[in-house]
Amino acid sequence: MNNIKTYKLSIVLIVISMCIVLAIVLYPFIWLFLSSLKFEMDIVKFPPETLPERLTFSQYFRVWQKLPPLLTMTRNTFIFSTMTTFTNCLLCAMGGYAFARIPFKGKNIVFAFILISMMVPFQVFMIPPLYIIEYGMGILDSYIGLLLPRLTWPFGIYMLRSFFSSIPKSIEEAARIDGANEYVIFWRIMFPLCLPAVLTIGIMTLVNNWNDLAYPLILTNSVQMRTLSVGLAMFVGQRVIEYGPTLAAAMVSLIPLMIVYVFLQKFFCQRCSYVRTKRLRNIERVCKK
């Protein structure tokens, strides 16, 4: 009887602690949304209040008036983020599989350079190599100039290499005995197994590129190629900061990420781990036969 009471008490404590953590995590988003519905004087009011006394959508109209090419910036951000997410998922998976499974000369040296590139901050090679090279190639202020340096991600290659290394080699050996080549093994066996890791890389890439400011700010100089993050910086002046439109624009740019994350997070947590475990068991059962 005491064990049952202790178990129920522990469950209640866990639920309460999770609710507290959830409230702490969600509070900044709730505050951002409610503050974007306030008047400017209510935003800078001291002491600050979470709930607005008066609701207004004027801040969103000011965003639209302040940024006439808002749809263009949204389109640029969508193209830049989705294309880099697709190329990162594909190329990082191929690179991780090559470093984990395919023997070739200089593999360890090349992988060492990939690890070294992860240790160098982006700000170090932001101006001298990257900007000058793209200027010499004539691809500044273009989609090619934005996408080319972000086609792949060293961390993604490193992560997927570790993932492929954890898969039993008996799976691909059984496929080779059946006459499958490297392309068939990768696309039909290994790539479906690494789907959870690929989705993780995709979520991280999408979030990083959607919110990136310094990278598109340096490589673009026209309004037609600006992204949403660069457009938000237009509200922050040297002496005056328009808090209302800034919060409203931040909320607008945050909504697509929240929608994408909700769907991918559900697919990743509930389905991909189950699919990977089930496929591994089925393939290992076939190999044993």
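All of the numbers you see were taken from the coordinates with simple rules; none came from a lab. This structure is a prediction, so every number in the text was calculated from the model and none was measured. We place every Cβ from the backbone using ideal geometry, glycine too, and count neighbours over all the protein chains shown.
When you count, for each residue, the other Cβ atoms within 10 Å and take the mean per peptide, how do 140-151, 187-198, 48-59 rank with the highest first?
187-198, 140-151, 48-59
Gap in Å between the Cα centre of the stretch 1-65 and the Cα centre of the stretch 135-167?
With the stretch 135-167 and the stretch 1-65 each reduced to a Cα centre, they are spaced 37 Å.
Excluding Pro216 itself, calculate the net charge of residues whose Cβ lies under 12 Å from the Cβ of Pro216, where each Lys or Arg counts +1 and each Asp or Glu counts -1.
Numbers: positive: Arg150, Arg226; negative: Asp141, Asp212.
Result for the local shell: 0.
What shape does the chain take by its C-alpha gyration tensor, where a ≥ b ≥ c are the square roots of the eigenvalues and a/c under 1.5 counts as rounded, a/b above b/c as prolate, and the rest as oblate? List each step's numbers first, then the result.
Details: a/c = 2.68, a/b = 1.30, b/c = 2.07.
Note, shape of the chain comes out oblate.
I want to check the label-to-label distance for Met258 and Phe46. Put each point 7 Å from Cα in the C-beta direction and report it in nm to one decimal.
Taking the simple label geometry, Met258 and Phe46 are separated by 2.9 nm.
Highest GNM mean-square fluctuation, the chain, Cα pairs closer than 10 Å: which of Arg176, Arg226, Arg75?
Arg176
Anything in the chain that counts as a DSSP H helix reaching 27 Å or more along its axis (C-alpha) with Kyte-Doolittle mean of at least -0.5? List them, would you? Kindly include the intermediate steps, with their values, before the conclusion.
Values: long enough: 2-35 (48 Å, 1.76); 70-101 (46 Å, 0.72); 243-266 (34 Å, 1.40).
Qualifying helices, which must be both long enough and hydrophobic enough, are 2-35, 70-101, 243-266.
For Gln65 and Leu213, what is the calculated FRET efficiency with R₀ set at 22 Å and r taken between the beta-carbons, to the nearest 0.05?
On the way: r = 22 Å, r/R0 = 1.02.
Approximately 0.45, to the nearest 0.05.
All other residues with a Cβ under 13 Å from the Cβ of Ile114 taken together, and with Lys, Arg as +1 and Asp, Glu as -1, what is their net charge?
+2
May I ask you to order 31-37, 163-169 by the average number of other C-beta atoms within 10 Å around their residues, highest value first? Mind showing how you got there, number by number?
Details: 31-37: 17.7, 163-169: 15.3.
Going by the mean number of other Cβ atoms within 10 Å, highest first, we get 31-37, 163-169.
Lysine pairs in the chain 8 or more apart or on different chains: how many have alpha carbons under 24 angstrom apart?
Lysine pairs, 8 or more places apart or on different chains, close enough: 10.
How much mean residue ellipticity at 222 nm does the chain get from its helices, if each DSSP H run of length 4 or more adds -39500 (n - 2.57) and you divide by all residues, to the nearest 500 deg cm²/dmol?
Details: 14 runs with 193 residues, N = 289.
Computed mean residue ellipticity for the chain: -21500 deg cm²/dmol.
Could you compute the FRET efficiency for Arg176 and Met119, with r as their C-beta to C-beta distance and R0 at 30 Å, rounded to 0.05?
On the way: r = 36 Å, r/R0 = 1.21.
Efficiency at R0 = 30 Å is approximately 0.25.
Grab the alpha carbons of the stretch 1-97, take their convex hull, and tell me the volume per residue in Å³. Can you show the working numbers first?
Working: hull volume 19.9 nm³, N = 97.
Enclosed volume per residue, from the Cα hull, is 205 Å³.
Which of Val260, Ser222, Ala180 sits closest to the plus end of the dipole of the stretch 62-288, meaning its Cα is farthest towards the positive end, when Lys and Arg get +1 and Asp and Glu get -1 on the C-beta?
The listed residue farthest towards the positive side: Ala180.
Under a point-charge model restricted to the Cβ atoms of Lys and Arg (+1) and Asp and Glu (-1), what is the dipole moment magnitude of the stretch 62-288 relative to its Cα centre, in debye to the nearest 20? Intermediate results must be reported in sequence, preceding the final value.
Values: 21 positive and 9 negative charges, 153 e Å.
Dipole size: approximately 740 debye.
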